[in-house]
Amino acid sequence: MKNLKKEFPVTANYTHLNTAGTGLLSETLLDFRQNHDLDYLVMGSLMKDNQDKFITKVREDVGRFFNCKAQNIALVTSFSTGFNVFLEALPTKSKVLLLEEDYPSINWPVEARDFDISYAKIDVNLEENILKAVEKEKPKVLCVSLVQYISGVQLDFEFLKTLKQEYPDLLICADGTQYCGVAPFDFENSGIDVLGASTYKWLNAGYGNGFFLFKDEVKDRLKPKAIGFASIRGKYKEAGDTLIGKFEPGHLDTLNSGSLQVAIQLVNKIGYSAITAQVELLKEKALNAFAERNLLDEIVVNRKQHSSIFNIKGDQKLFDKLKENDVICSQRGNGIRVSLHYFNTEDDLGRLLKLI
């Protein structure tokens, strides 16, 4: 995977272990963005004459990538933007189940509204905790991150599928920001009803773009209040009063939406088989190395599956040492968060281990 570092020049000077914080800008994406703005510079509004068709193509490419119908895909500027529209579309006083200490962009918007909220604990028995909470609290909506941003704990997707089969009326909304771009995801055959994500992390699509995917059945349960002129612009929205139109009340930037499209094309070019193989290799080696050094919480060590995000034990002194040696990571929770993507190598991991 060393050749893939050429796509991401920053890796020539730094050991970037911070995709969970911010993804990287690829040479491929830079080329698109430069050409896009050059066209805008010399063509002005003429360049925007075909923007509706352009956005439609982006929507369709996202659909093929995640196996979701194009008419059920909303393009958004961030997960938070779409999620707040989603919450406003729910009936007031809805019973919502959250995870304790989940990502603030999930829990805070729910807690800021007049919902009946219950919580499941994040520990070794996460899935069992969710099931017990569903049985006891009988929520109408479950809002969760697929991967926890601090610890890297990853939900069992098969569990979500089984949960949906057992509780078909439970509306499952998931944040895929810390997952999408690591491995293939088949939305239509998942147990998730609504999947939203910002794509500046693991898809390396830059800031200002994201998506929300919906199952057909969701349309009758959500009543969004947002609307604007863009709600009826372009294929899949022209009929008016569409669900995705309500999630897209304003204009969509062709630069940002196009960046998502180019990022998806790059993943397709590299191939998910190569990406997944590299991430799994690094994840296994990192997990074993961190566990041997007693750097991980026992929750992570004792779970059957985990993401490529790790929170290792370390204080301010160690964090400063890593920064001084050009290792980019983040302080999260009580430790130091490191995350490994396909452009990382075993040499990157080895360098980290030598420093800690």
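The values are calculated or read from the model by the stated rules, or taken from the named source; none is laboratory data. Since the model is a prediction, treat every value here as computed from it, not as a measurement. Glycine gets a Cβ as well: all are built from the backbone with ideal geometry, and neighbour counts include every protein chain shown.
Quick one: is Phe185 in contact (Cβ under 8 Å) with a residue 24 or more places away in the chain, assigned by TED's automatic domain parsing to the domain that holds Lys136 and not in a strand (DSSP E or B)? The answer is yes for Phe185.
When we screen Ile232, Ile227, Ile172 for residues that are in the same structural domain as Arg64 (by TED's automatic domain parsing) and in contact with a Leu (Cβ under 6 Å, 6 or more places away or on another chain), the only hit is Ile172.
If you check Glu217 against the conditions, is it surrounded by fewer than 18 Cβ atoms within 10 Å (Cβ to Cβ) and outside any loop (DSSP other than H, G, I, E, B)? When the stated conditions are applied, Glu217 passes them.
Taking the numbered list (1) exposed (fewer than 14 other Cβ atoms within 10 Å of the Cβ); (2) of a type in the set (Lys, Arg); (3) within 19 Å of the chain's Cα centre (by Cα) in turn, Lys283 passes all entries but (1).
Answer yes or no as to whether Ser105 is closer than 23 Å to Ala230 by Cα, polar (S, T, N, Q) and either modelled with pLDDT under 95 or in contact with a helix residue (DSSP H, G or I) (Cβ under 8 Å, 6 or more places away or on another chain) (or both). No. The conditions of being of a type outside the set (Ser, Thr, Tyr), surrounded by 20 or more Cβ atoms within 10 Å (Cβ to Cβ), closer than 21 Å to Val218 by Cβ and over 22 Å from the mean Cα position of the chain (by Cα) are not met by Phe86.
For the range 296-311, the criterion of being more than 21 Å from the chain's Cα centre (by Cα), free of Cβ contacts under 8 Å to residues at least 40 places away in the same chain and in a helix (DSSP H, G or I) is met by at least one residue.
Within the range 26-67, being hydroxyl-bearing (Ser, Thr, Tyr) and either assigned to a helix (DSSP H, G or I) or closer than 19 Å to Ser231 by Cβ (or both) holds for Thr28, Tyr40, Ser45, Thr56.
For the range 107-130, the tally of residues that are within 18 Å of the chain's Cα centre (by Cα) and either under 20 Å from Ile192 (Cβ atoms) or in contact (Cβ under 8 Å) with a residue 60 or more places away in the chain (or both) stands at 2. Screening Lys164, Lys201 for residues that are closer than 26 Å to Lys246 by Cα, in contact with a strand residue (DSSP E or B) (Cβ under 9 Å, 6 or more places away or on another chain), surrounded by 21 or more Cβ atoms within 10 Å (Cβ to Cβ) and not small (Gly, Ala, Ser) leaves exactly one candidate, Lys201. Every condition in (1) outside any helix (DSSP H, G or I); (2) more than 18 Å from the chain's Cα centre (by Cα); (3) under 15 Å from Val76 (Cβ atoms) holds for Lys246 except the one numbered (1).
May I ask you to say which residue of Ala133, Ala226 is more than 26 Å from Gln51 (Cα to Cα) and more than 21 Å from the chain's Cα centre (by Cα)? Criteria check complete, one pass: Ala133. Working carefully through the options Val76, Val153, Val147, Val124, find the one that is surrounded by fewer than 21 Cβ atoms within 10 Å (Cβ to Cβ) and among the hydrophobic types (A, V, I, L, M, F, W, C). It is Val124. Aromatic (Phe, Trp, Tyr) and assigned by TED's automatic domain parsing to the domain that holds Asn344: does that describe Phe8? Answer is yes for this residue. Criterion applied to Arg293, Arg351 was being over 23 Å from the mean Cα position of the chain (by Cα) and either within 25 Å of Ala205 (Cβ to Cβ) or loosely packed, with under 15 Cβ neighbours inside 10 Å (or both), and the one residue passing it is Arg293.
Set side by side, the residues Lys225, Lys237 differ, and just one is touching a helix residue (DSSP H, G or I) at 6+ places or on another chain (Cβ under 7 Å), closer than 21 Å to Glu111 by Cβ and assigned to a loop (DSSP other than H, G, I, E, B), which is Lys225.
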